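Heads up, the thing below is written out as structure tokens.
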Amino acid sequence: MATEEPREATSSAPDWHRQDARQTVEICGVDPDRGLSAAEAAKRLARWGPNRLPGGTQRSLWRLVLEQFNDFMVLVLLAAAGVSGLIGERTDTVVILLIVTINASIGVFQRWRADQALAALQGLAAPRARVRREGQWRSVPAEELVPGDIVALEAGDQVGADLRLIEVAQLQVDESALTGESVSVAKHTEALDGPQLMLGDRANMAFKGTLVTHGRAIGVVVATGSATELGKIARLLGEAGERLTPLQQRLADFGRRLTWVILGICIVIFVAGLLRGEPALLMALTAISLAVAAIPEALPAVVTVLLALGARKMVRHHVLARRLSAVESLGSVTFICSDKTGTLTRNRMHAERLLASGRRWQTQDAQAPEGFEPLLRAATLCNDAHRAPQGPAASGSDGRWRGDPTEVALVELAALAGLDKSALDAQTPRLAELPFDATRKRMTSFHRVGERILAYTKGAPESVLPRCNQVLGANGRPEPIDVAAWLADAEALAAQGLRVLALAQKEHAAVPGAPEPERDESGLTLLGLVGLIDPPRPEAAHAVRECRQAGITPVMITGDHPATARAIAHRIGILDDAREAVLSGPELASMDDDALRARVRAVRVYARMDPAQKIRIVEALQREGEFVAMTGDGVNDAPALKRADIGVAMGQGGTDVAREAAGLVLLDDNFASIVAAVREGRRIYDNIRKFVRYAMTGNSAEIWVLMLAPMVGLPLPLLPIHILWVNLLTDGLPGLALAAEPGEPDLMRRPPRPPKESLFAHGMAAHILGFGLLIAGLCLAIQAWALHSAQAHWQTMVFTVLTFGQLAHILAIRSETQALWRLGLRSNWPLLGTVLGTIALQLAVIYVPALNPIFRTEPLDVADLGLCLGSALLVWLAVEGEKAWRRRRTRGAASL
Ligand code: ATP
């Protein structure tokens, strides 16, 4: 049956929700207990294509090209060049066309690189699905799902394709991505009636792109790719366009306002030229060329490039940016709230201390003493670790057991004492269970032990001990229990940084039909305590220190015991003093929002937290004006991740639900990677600022030159070709090379940037106007001098000073504070390369005879060229002076 072709599995398929489960698998030609064969799956993949949505971020090349010419001013320029070509100089027209084309090519190249970088990021974020093939469950990229596949879902998963559900255990799905309805929908497997049933009412289906918030299920794939419900609307979604990041939006707004100012100036220049008797066509071309060169319409696009390239680099630090806006806002983070287990610690557990009635065992120094067997049996049986089928294990230190590291450690411990989990599971089969949940902080499993039914409970001591009314004594018989004394023992272990679990048992007359926590987890007999060590990650302490230097407060939020949390937090430097207060979940629950707000900025460690409490912490911090990054991995963490300014999900341990809600994904679940991302985010933002500083200063210089020349009685200093050429040389590649600029040395020693701070803060606007004026002043001085000394090639000199001045400027503004001789020319090779290349091109335009008539240039003699270089040197020195002044000012401020 498995090889049978599905009759129909596309959008023209039957109404799957009206079929019953058996009919569905028959139509799909699959045996639900075995799944498809590999050959059949390959055949279907060839037939139906990959399970991918149409569209995506990749734009075709011609669309990129068209976008470049979609700029109104460029079109006006081309039209004006055409007209002037028809009535006058043909070469001018051709050269202008050529320059505009090269400029557009650079634009296409930039966009293409950004798209590539984004597509690579998306590929990394691609979800996977658990599918049954040839009788085995395996994990495959969701793209490889085909109609007829049997897919398993569990809480936290994103549904990979449209499924008709055939087995359901309390499944609830968040379908808001598809229906907009934010309440989770409960699912079942019964056939439904009504062909026109709305998507939200098709309760026996699970749709691609929706998120499982609770329970488990198995379903058969009935549609993939564009045939899915999501695929049908994906085209509409695709057309909604890219969302701009806040910075891009602000820049676009600013650009629009600036456009009017520049157009106004261009009109003034045009009119002034006419009044002085310049030819109208020349003046029109000059004004339009200036508008094209000076209007910063490309700024948002360049920001995308810098963000996307930066995001690609962040992958090297094991951080995946799901949204570019997260990259941009990283530099504003003031609080990083992190999970403990696995993020700050290694999540490699090892049981170190055991306590049973009257006995202690330090695992490293001796073999298991007598009397620990009941405790170890419980730890092995009330345990969901499973043997890895084959291949390397995901976790577990010896690579044989998989599952929660706490549980793997317990299985390994029991093995030391000669208890084998597989054998025990076979002898004393599990009959029922009350699964672990982070709110109850315990779990129970029911087993048949010979003739008896025994339930084993394991969990946090405060959760288990109060439910015990006796303890198994040294003689193997129950004795009365002193709960307070045991709690104190647990506390003492926790204070050493150990994670402590209590284990207990209870005999039942029969297996409870539907186990209930309140009834079945009471009247227990305590077996003992286990203390597990989970050492901090070696890099955590350094990352914490770096955070604090950078003005960021690291905060630990954990489900673990306050004493454990405090000990670890102290060890890695989150707490300076081991006696500092730790806020616990129950305490937090009893505080109202105002009380929490009053304390939230001072608390460094939250322990015994429910995941649902994270959102209160985020909100309280935000109300206090903080900018919060918050980590999370489970379904319950999603609201807090969404609410945080930057949600950070775990890539290895986390769920799809958490990843969907997050802006960043930590590929190695490591706290230090968040700090590396912050450093990278700050560097990227700095580089965006540097680019804007460079490009806008150049534009301002061009405007000043053309505006001031007639005012001081000088003739038109530049021809349209010159303006466009300077713009081409200086705007495109050198600016992009700034993406490679390494971070400033004080990057992680300065406070976070206020999120609303203008891009032009810290004197940048004054710099743009002032240094633009300086470059323009030098151009005009040289022009005046050359005219005065009757140099025929004065225009070539102005043109060259403008180019060289901008190159000197970009070298100088590579750092906002550091002198160039400290940075060294070699610390940014791409930039040095483009600067040298640009100088070579400029020299070619001056000295290659064939180019002289085209660019209206003349060869300069050595003295004149020296003068141009000298002017550039002046620009460089002036910027260095400004930086030295700024250094002195910050030093002064620091010593106050
Ligand atoms: P973090 O929130 O930093 O990741 P955590 O992993 O300790 O910390 P939870 O998984 O919510 O947080 O666990 C909370 C508590 O529940 C633990 O401190 C432990 O006492 C108990 N616990 C954890 N795992 C198990 C388990 N598999 N069985 C029984 N109890 C457990």
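The values are calculated or read from the model by the stated rules, or taken from the named source; none is laboratory data. Values in this document were obtained by computation on a predicted structure and should not be read as measured data. Quick reminder, even Gly has a Cβ in these numbers, built from the backbone with ideal geometry, and neighbours come from all protein chains shown.
Taking the criterion of being touching a Lys or Arg at 6+ places or on another chain (Cβ under 7 Å) and either under 20 Å from R44 (Cβ atoms) or not hydroxyl-bearing (S, T, Y) (or both), would at least one residue in the range 91-104 satisfy it? Among the residues of the range 91-104, not one is touching a Lys or Arg at 6+ places or on another chain (Cβ under 7 Å) and either under 20 Å from R44 (Cβ atoms) or not hydroxyl-bearing (S, T, Y) (or both), which makes the answer no. Residues of the range 468-487 include none that is buried (at least 18 other Cβ atoms within 10 Å of the Cβ), within 43 Å of the chain's Cα centre (by Cα) and not small (G, A, S). Can V605 be described as within 13 Å of the ligand (Cβ to nearest atom), out of contact with any helix residue (DSSP H, G or I) (no Cβ under 7 Å at 6 or more places or on another chain) and within 14 Å of I336 (Cα to Cα)? Spelling it out, it is not the case that V605 is within 13 Å of the ligand (Cβ to nearest atom), out of contact with any helix residue (DSSP H, G or I) (no Cβ under 7 Å at 6 or more places or on another chain) and within 14 Å of I336 (Cα to Cα).
Taken over the range 866-884, residues that are farther than 15 Å from G770 by Cα and either surrounded by 16 or more Cβ atoms within 10 Å (Cβ to Cβ) or out of contact with any helix residue (DSSP H, G or I) (no Cβ under 9 Å at 6 or more places or on another chain) (or both) amount to 7.
Considering (1) over 36 Å from the mean Cα position of the chain (by Cα); (2) surrounded by 13 or more Cβ atoms within 10 Å (Cβ to Cβ), the lone condition that L831 does not fulfil carries the number (1).
Would you say A695 is in the same structural domain as A541 (by TED's automatic domain parsing) and buried (at least 24 other Cβ atoms within 10 Å of the Cβ)? Spelling it out, it is not the case that A695 is in the same structural domain as A541 (by TED's automatic domain parsing) and buried (at least 24 other Cβ atoms within 10 Å of the Cβ).
Checking each residue in the range 343-356 for being out of contact with any helix residue (DSSP H, G or I) (no Cβ under 8 Å at 6 or more places or on another chain) and either in the same structural domain as D686 (by TED's automatic domain parsing) or within 13 Å of the ligand (Cβ to nearest atom) (or both) picks out only R346.
Taking the range 77-154 as the region of interest, none of the strands (runs of 3 or more DSSP E) fully inside it holds 2 or more residues being touching a His at 6+ places or on another chain (Cβ under 6 Å) and surrounded by 14 or more Cβ atoms within 10 Å (Cβ to Cβ). Filtering the range 406-433 to residues that are modelled with pLDDT under 90 and within 16 Å of the ligand (Cβ to nearest atom) leaves only E433.
Looking only at residues of the range 176-191 that are closer than 13 Å to V212 by Cα and among the hydroxyl-bearing types (S, T, Y), we find that the one that is surrounded by the most Cβ atoms within 10 Å (Cβ to Cβ) is S184. Summed over the range 562-603, residues that are surrounded by 22 or more Cβ atoms within 10 Å (Cβ to Cβ) and under 26 Å from the mean Cα position of the chain (by Cα) total 4. If you check A808 against the conditions, is it closer than 15 Å to V726 by Cβ, small (G, A, S) and in contact with a helix residue (DSSP H, G or I) (Cβ under 7 Å, 6 or more places away or on another chain)? The answer is yes for A808. If a residue has to be surrounded by 16 or more Cβ atoms within 10 Å (Cβ to Cβ), without any contact (Cβ under 8 Å) to a residue 40 or more places away in the chain and over 14 Å from L759 (Cβ atoms) to count, how many in the range 243-262 make the cut? Count: 1. Count of the range 548-575 residues, restricted to those that are within 16 Å of the ligand (Cβ to nearest atom), farther than 23 Å from D633 by Cβ and in contact with a Lys or Arg (Cβ under 7 Å, 6 or more places away or on another chain), is 1.
Checking the conditions here, which among G238, G209, G200, G231 is modelled with pLDDT of 85 or more and either out of contact with any Phe, Trp or Tyr (no Cβ under 7 Å at 6 or more places or on another chain) or over 30 Å from D437 (Cβ atoms) (or both)? Testing whether each residue is modelled with pLDDT of 85 or more and either out of contact with any Phe, Trp or Tyr (no Cβ under 7 Å at 6 or more places or on another chain) or over 30 Å from D437 (Cβ atoms) (or both) leaves just G209. If a residue counts only when it is closer than 25 Å to R360 by Cβ, which strands (runs of 3 or more DSSP E) contained entirely in the range 408-506 have at least 3 such residues? Of the strands (runs of 3 or more DSSP E) lying wholly inside the range 408-506, those with at least 3 residues that are closer than 25 Å to R360 by Cβ span 452-459, 468-472, 478-480.
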